[in-house]
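So the structure is just underneath, and the comments pick up after that.
The values are calculated or read from the model by the stated rules, or taken from the named source; none is laboratory data. None of the values given here were measured: they were computed from a predicted structure. A quick note on method: Cβ atoms are made from the backbone with ideal geometry, for glycine too, and the neighbour counts reach across all protein chains shown. Just the protein is used for accessible areas: all its heavy atoms, side chains included, with ligands, DNA and RNA removed. Shrake-Rupley method; radii C 1.70, N 1.55, O 1.52, S 1.80 Å.
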Amino acid sequence: MSRLPAGPRNALFTTVRYLRDPFGSLLDAARRYGDPFTWPTFLGKMVVTGDPGGIKTLLSADPEIYEALGADLLAPVLGENNLILLSGERHRAMRKLQNPQFHGERLHAYGRLITGITEEHAGRWPPERPFPIQQTMQAISLDVILQAVLGLSEPATRAAFAEAVRSLVAALKPSFMFIRTLRRPMFGLGAWARFQRLRATTLALFGKELAARRARAEPREDILSLMLAGRKEDGSAFDDQELFEQMISLIGAGHETTASALTWALYHVHRDPSVKAALLEELQSLAVPLDPEAVTKLPYLNAVCSEVLRLDPVAPIVGRRLRQGLTLQGYDLHPGVSVGIGIINVHRRADLYPEPELFRPERFLTREYGAFEYLPFGGGSRRCLGAAFALYEMKLVLATVLRLHRLRLVTDVPVRAALRNTTVGPAATIEMARA
Ligand code: HEM
């Protein structure tokens, strides 16, 4: 069949609905039109599947048939060296260079750093005053990533970067990301001009740090230092602009995602007394100070984190654009069409996850899920580079916080998901307080 599968027709309506209710809009489309369905977006038509067989077809295909989605449109905003926008050989080479930093020995070197930063933040939570979890988790994950990626151990420099990154991410608006004509200087007023100004400020800060790093030339182990010493395929060094865009892409991909996942985790754990009791009991078995390696091996904590990322994935859909034709579930798709994995669609299948809308970590204790059934970090050649790091961080932050404080939700009401700056996270501010 060479026609596209059925789906909603209006890109504007679909996008507005997605921004307000990302999970509901994708689940409704599959219910209404079946799987696969065609999803109209500002980046063109995307054929989406949440069927494990369809996902297998997409992820088993030769990576060469795909290119990054929206690279032309988004490169002027996110930077043309941003990993999420690279394709082909450049993409492969960049991943190869950065990958070791997020695995094996290197990963374990971050353990104490993560527990230390968490203790420092959690130690400042006021005894009775409520605090917003997302913001608090974001402060922790930003500190972690600034130290791990940029190696910023000096508190004042880290605080300056944290402020610059926070402002830059907040200034990134879907309006100018997707509508080119809104990228106008407008006499220095407006969202685009503001974003450009903040980008220049962050780049200047980064340039100063690079100059200091080059002058000191001492061996360091953070990702920025590795890239400073690294060489491209043609043997040349990375210039400041390339380094900046790579670092910003890692910081952008890595801090709000983990913070949203941690927020959902604290929310779900504190809404279900039996989950909370089981988790606290498991955590009590650990010696103090926490041994990061022991924390990562806890089965119930692992099940809690897996269930959080199943029920509330921070990326409910991931896409690529076809460079070559592909047959997906009987449809012959032409080059230029995009394909998407409906992560939320597969994660909410009742045949795989009975009572899929309920938070039930136990399901991960009694069954193992395959790479085409459970994929909060996407898959194939673009699978999240920081997946192992993110899970490690989630477990360590949760264990540290829950060992340090007894917490409660200030209001126990259902919270749905909505699009935040770069991820899908809780739509409402969730507040907690020390119990
Ligand atoms: C709970 C936290 C996180 C979740 C759920 C998450 C999820 C994802 C997903 C779904 C993708 C797209 C994968 C695909 O297209 O198949 C992705 C890409 C990516 N993530 Fe994560 N992520 C998280 C944390 C992190 C962290 C901590 C880092 C780095 C420090 C990171 C770095 C990246 C990068 C660089 C990419 C682009 C990979 C590429 O295009 O080759 N992520 N992430």
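Data table
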read-out	value
Pairwise FRET efficiency - Lys45 versus Val413, Cβ, R0 = 35 Å, nearest 0.05	0.40
Charge-dipole axis of the chain as Lys and Arg at +1 and Asp and Glu at -1 on Cβ define it, positive-most pick from Leu182, Tyr374, Pro52	Leu182
Exposed-site-free run, longest, the chain (rule: GluC sites (Glu not before Pro); DSSP loop; at most 12 other C-beta within 10 Å)	1-127
Segment 161-310: C-alpha pair distances exceeding 18 Å, %	72 percent
Per-residue [θ]222 nm for the chain (sum of -39500 (n - 2.57) over DSSP H runs n ≥ 4, rounded to 500)	-16500 deg cm²/dmol
Given Lys56/Lys395; Lys208/Lys297; Lys56/Lys276; Lys56/Lys297; Lys45/Lys395; Lys96/Lys297, the pairs whose alpha carbons are separated by over 31 Å	Lys208/Lys297; Lys56/Lys276; Lys45/Lys395
Span from the segment 363-393 Cα centroid across to the segment 66-142 one, whole angstrom	16 Å
Förster radius 56 Å - calculated FRET efficiency between Glu128 and Arg92, Cβ distance, rounded to 0.05	0.60
Net charge, Ala417 excluded, C-beta distance under 11 Å - Lys, Arg +1, Asp, Glu -1	+1
Cα centroid separation - segment 230-304 against segment 40-54, whole Å	28 Å
Stokes-Einstein translational diffusion, segment 95-191 - Kirkwood Rh over all Cα pairs, 1.002 mPa s, 20 °C, in µm²/s	131 µm²/s
Segment 11-434 - accessible surface per residue (Å², probe 1.4 Å)	44 Å²
Pairwise label distance in nanometres, Arg20 with Glu233, each label 7 Å out on the Cα-Cβ vector	4.6 nm
Percent of Cα pairs exceeding the 27 Å cut-off, where the set is segment 11-434	53 percent
Among Leu142, Leu385, Pro100 the positive-end extreme of the charge dipole of the chain (Cβ point charges)	Leu142
Label-point gap, in nm, between Ala109 and Asp240 - each point 7 angstrom along Cα→Cβ	2.7 nm
Computed lengthening from Ala200 to Ala212, 0.36 nm per intervening residue step minus Cα-Cα distance	2.5 nm
Tail beyond 20 Å, pair distance distribution of segment 229-359 (Cα, percent)	67 percent
Extension gain, Arg31 back to Glu64 (0.36 nm per residue minus Cα-Cα distance, nm)	8.7 nm
The chain - percent of accessible surface contributed by carbon and sulfur, probe 1.4 Å	56 percent
Using θ = phi - 60° and Karplus 6.51 cos²θ - 1.76 cosθ + 1.60, couplings along segment 208-217 (whole Hz; Gly, Pro as x)	5, 5, 4, 4, 5, 5, 5, 5, 6, 6
